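Some notes on the structure that comes next.
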Amino acid sequence: MEQLYSIKPLFFENGYGVEKDINKAIKYYDKACRIKGNKMIIACENLFSIYLHGNKGVPQDLNKAKEYAKWIAENGSQKYQEYIKRWDYILFSLELSLKLKECKKSGINASICIRKSNNALLEYANKMYPN
């Protein structure tokens, strides 16, 4: 049964032999993610990514993304333990990425947009790691 939960969401997410249905994919990813003694952390990682970025027509939900990141971290992932410790930086990076895209869309020269982004990153680094 556990194997079914690890494969089934992929069919719905990508439309392999069935109609694409991201809501069903999310439902099965969530079931796979929550199986006791979970060895299918990839299901949790997929949900984290979907909610963090608002992928595949699913609205961005940073609270849900953080919930899945915490679950993965609590199940031994050092990578996700670092994500939780540095959650403010993840939020900053998302905001910075959005601002960079908006800047480029507005027709401003790409090098100016990148310079603004780099300056914001430098300000953040100085605030987080003062001399």
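The values are calculated or read from the model by the stated rules, or taken from the named source; none is laboratory data. Please read all numbers here as calculations on a predicted model, not as lab measurements. Counting neighbours? That spans all protein chains shown, and the Cβs are built from the backbone with ideal geometry, glycine included.
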Test result for Leu94, out of contact with any Asp or Glu (no Cβ under 8 Å at 6 or more places or on another chain), at pLDDT 90 or above, of a type in the set (A, V, I, L, M, F, W, C) and outside the structural domain of Asp30 (by TED's automatic domain parsing): yes
The lone exception for Phe48 - which of (1) of a type outside the set (D, E, K, R); (2) touching a Phe, Trp or Tyr at 6+ places or on another chain (Cβ under 7 Å); (3) modelled with pLDDT under 85; (4) surrounded by 16 or more Cβ atoms within 10 Å (Cβ to Cβ) it fails: (3)
Candidate set from region 102-119 (those that are of a type in the set (Ser, Thr, Tyr) and exposed (fewer than 11 other Cβ atoms within 10 Å of the Cβ)); member that is modelled with the lowest pLDDT: Ser111
In region 62-101, residue surrounded by the fewest Cβ atoms within 10 Å (Cβ to Cβ) [restricted to those that are in contact (Cβ under 8 Å) with a residue 24 or more places away in the chain and not in a helix (DSSP H, G or I)]: Asn75
So Ala32, is it at pLDDT below 90, surrounded by 13 or more Cβ atoms within 10 Å (Cβ to Cβ), in contact with a helix residue (DSSP H, G or I) (Cβ under 9 Å, 6 or more places away or on another chain) and under 21 Å from Lys20 (Cβ atoms): yes
Residue within region 102-122 that is farther than 22 Å from Asp30 by Cα, in a helix (DSSP H, G or I) and touching a residue at least 24 places away in the same chain (Cβ under 8 Å) present: yes
Selection count, region 58-93, where residues are basic (Lys, Arg) and under 11 Å from the mean Cα position of the chain (by Cα): 2
